[in-house]
Amino acid sequence: MTYHVNLLLDDERRSASPVNLGMALRMGVVVAVATLLLIIVMLFVKSRDVQIRAADAQSKWAHLEPQYKHLLALRASRDELRASCRQIEACQRSRLPMGEELAQLQLGVPADIQFTALRFNQFAGNQKAGAVATRSYEMHITGKISGGDPKESVDGLIKYLSSPAYTNRVEAVTVPNNGFRKEVVRVSAGETRTDWFFELVCRYRPRSFE
Amino acid sequence: MISAFAKLKFGRKAIRTDVVGLDVGGVTTRVVRLKRLDNNTIHVVAADVLPHVDLPLGAAGDVRPAPLLLPKPLRARYASVAVTSPQGGVRLLSIPANPESLAGLNFAFFTEMMGLPEGVEHRIGYEVLATEGHEQSVLAVALPVRQTRWAMTLLPQGIPTPCSLQVGGAAALNCFSRELAMHHADVPAIFVHIGNVVTVVAAFYKGRLALYRQCMMGSQSLVKTVQERFGIEEELVPGVLEDDLIDASQPIAAAIEPFLRQLVLVREFVERKRACRIEKVLLCGALLGTKHWNIHINQTMGLTPEIWNPLATLPCLPEALSERVKGMESRFATAVGAALAVLEVDHDLPR
């Protein structure tokens, strides 16, 4: 049994905590309010700062906008021109340089061969959607051989067209059916002459538009 | 005064495990720190005797004593202050066990029953101890308001914080009760607590308070008697009381007579009412002239009183008792009881 008759009044009691609870609560409230006010002030200042910076940026933008639009137009024009240049270059690369071809052909034609016709045909190739377009060429040569060994002369020309000088450009050199024939020509009465004619088809490799 | 009485609330449910008990108002200030350790046993952590603090005995004005500075080992979180005052009243009252009687426990009732003097404002508290048959026993205490305010100003701020204010005599009952249960198997016993001015006699039956009496004589009465009888200075009296060189038995017997009459009345009342025999008398307090108290009590009661050390009631931590405590251990019943009251109210555990 405990004999405890406590004469202490409620208003005489105080906390055993080294920190007074009431004071701590009051301090907490004050700190919370102060913190809240500080946050509000900081937000206000930040908001003002943002507003000022936005106004400044808007005035700068108003000054820069025409220049910027002009720049965009220039860029668009430049890109368009570049695309045109690329197309022209691709077109150029896809074309067979006729002058160079003829100049090079002259160097390899045997002396007893005389061209009677030289024709270049051009074909559009690889028309599939999404694939790079190509251009193909065929060179048709018709000629006459005077003197010498006609077959050897024609073989020499074919050999020249298949030589390393043409390897990168020429795909195949063929003699069509009945492409090597002879014709007896009457020179005068009782006198005839035998002429040899040939035809060659030189097919070039396709040239892309890239 | 009535509003102050109405505001009293007892038994606050706060868990306290570390309490310093202060016994103020006596010749010295007794301080003991008790702590409930992890194994749920209460230990004496520190005890010391501090200088006397003047108790305001007059009726007028507030007295503001210097704050009591406790040494570090005595600084618990909570303090239980017991005021040992000749003006403090403690009564064990028996009232009919019915609701009307409880409703009548008001300030006027206690003022009349305790014989409190008029013109002195008192703070009164009470606790219903037990109900037996048609009676219930009520422990009532009273202390002049001036002294309660004085006691509170001793610990004005910081740690320890006062959690209990008790009257010295009532606080000591907790220590008596504990000692009886721990070391005497709750035999019928009488505790005699000799104060400087007031001597308390508390009779216990089956571990419960059966009777409480205050006798307005104490060690100071013996000192004055011897001093006047032999015409010697006060400082020489302890020597006379302890030695056999001068026979002071006759004046001491005369001085101790009123107390012995009270003691006999207490024994006879308890023995008749409870149909038992008092088996022990335990003596503590300001034991000046112990042998005289022993002889006279032995002659009157037919029992040899045991000198009781209240600090031995509880286990003591090493180095708990300061040098100043040695030889004064028997004076700590009130301080120990004040702290025990708080610790045991918070932990209603078997003792």
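B:Ala47 sits among other residues whose Cβ lies under 13 Å from its own Cβ, and their net charge, with Lys and Arg +1 and Asp and Glu -1, is +1. Shape class of segment B:69-147 from the Cα gyration tensor (axes a ≥ b ≥ c, square roots of the eigenvalues): oblate, since a/c reaches 1.5 or more and a/b does not exceed b/c.
Taking the Cβ of A:Asp56 as the centre, find all other residues whose Cβ is under 13 Å away and add up their charges (Lys, Arg: +1; Asp, Glu: -1).
On the way: positive: A:Arg48, A:Arg53, A:Lys60; negative: A:Asp49.
Net charge in that neighbourhood comes out at +2.
Just rank B:Glu127, A:Glu152, fewest to most, by other beta-carbon atoms within 10 angstrom. Don't skip to the end; give the middle numbers.
Values: B:Glu127 18, A:Glu152 13.
In increasing order of surrounding Cβ atoms, one gets A:Glu152, B:Glu127.
Orientation-averaged projection of chain A equals 36.2 nm² [convex hull of Cα atoms, one quarter of hull surface area]. Distant-in-sequence amide contacts of A:Glu171, defined by a placed amide H-H separation under 5 Å and a gap of 5 or more residues or a different chain, comprise A:Arg203, A:Tyr204, A:Arg205.
Bridgeable lysines around A:Lys182 (alpha carbons under 18 Å apart, same-chain partners fewer than 8 residues away excluded): A:Lys144, A:Lys151. Once backbone amide H atoms are built at 1.01 Å from N, B:Ala79 has B:Val20, B:Thr161, B:Cys163, B:Ser164 as its partners under 5 Å, excluding neighbours fewer than 5 places away on the same chain. Taking the DSSP beta bridges with both ends in segment B:2-346, the antiparallel portion is around 65 percent.
Given only helices, namely DSSP H runs of n ≥ 4 each adding -39500 (n - 2.57), what is the per-residue ellipticity at 222 nm of chain B, to the nearest 500 deg cm²/dmol?
When only DSSP H runs of four or more count, the value is -10000 deg cm²/dmol.
Cβ-to-Cβ counts within 10 Å put A:Arg169, B:Arg91 in ascending order as A:Arg169, B:Arg91, the fewest first. When both segment B:267-329 and segment A:128-200 are represented by their alpha-carbon centers, they are found 150 Å apart.
Could you give the distance between the Cα centres of segment A:1-51 and segment B:17-67, to the whole Å? Cα centroid to Cα centroid, the span is 33 Å. Each residue in A:Asp10, A:Asp195 was given a count of other beta-carbon atoms within 10 angstrom of its own, and listing them fewest first yields A:Asp10, A:Asp195. Label segment A:15-94 by shape, choosing from rounded, prolate and oblate, from the square roots a ≥ b ≥ c of the eigenvalues of the Cα gyration tensor; if a/c is under 1.5 it is rounded, and otherwise prolate applies when a/b is larger than b/c, oblate when it is not. Note, shape of segment A:15-94 comes out oblate.
Need one number: the % of Cα-Cα pairs in the protein assembly as shown sitting beyond the 43 Å mark. Please list the in-between numbers first.
Values: 79933 of 157080 pairs.
Value for the protein assembly as shown (Cα pairs over 43 Å): 51 percent.
Each residue of segment B:84-96 was assigned a 3J(HN,Hα) from its phi angle through the Karplus expression (A = 6.51, B = -1.76, C = 1.60, θ = phi - 60°), giving 8, 9, x, 8, x, x, 10, 9, 9, 9, 10, 10, x Hz with x at Gly and Pro.
Assuming 0.36 nm per residue, please report the length gained on full extension of the stretch A:Val29 to A:Ala117 beyond their Cα-Cα distance. If you can, show how the numbers build up before the last one.
On the way: separation 88, 0.36 × 88 = 31.68 nm, distance 10.84 nm.
Value of the extension gain: 20.8 nm.
Let a ≥ b ≥ c be the square roots of the eigenvalues of the Cα gyration tensor of chain B; is it rounded (a/c under 1.5), or, if not, prolate (a/b larger than b/c) or oblate? Display every interim value, and only then the final one.
Working: a/c = 1.29, a/b = 1.13, b/c = 1.14.
Rounded, since a/c falls under 1.5.
If the chain linking B:Arg261 and B:Lys206 were pulled fully straight, counting 0.36 nm for each residue of separation and taking away their Cα-Cα distance, it would gain 17.4 nm. What separates the Cα centres of segment A:52-67 and segment B:213-237 is a distance of 104 Å. In straight-distance terms, cross-link reach from B:Lys206 covers every one of the lysines whose alpha-carbon lies under 24 Å from its own, apart from those fewer than eight places away in the same chain; here that gives B:Lys273, B:Lys280.
Amide hydrogen proximity for A:Phe120: with H placed 1.01 Å from N in the peptide plane, the residues at 5 or more positions away or on another chain lying under 5 Å are A:His140. For A:Gln92, the shell of other residues with beta-carbons less than 14 Å away shows a net charge of +2, using +1 for Lys and Arg and -1 for Asp and Glu.
Any read-out appearing in this document is the output of simple, stated calculations on the displayed coordinates, not a laboratory observation. Computed from a predicted model, the values in this text were never measured in an experiment. Note that we place each Cβ from the backbone using ideal geometry, even for glycine, and neighbour counts take in every protein chain shown.
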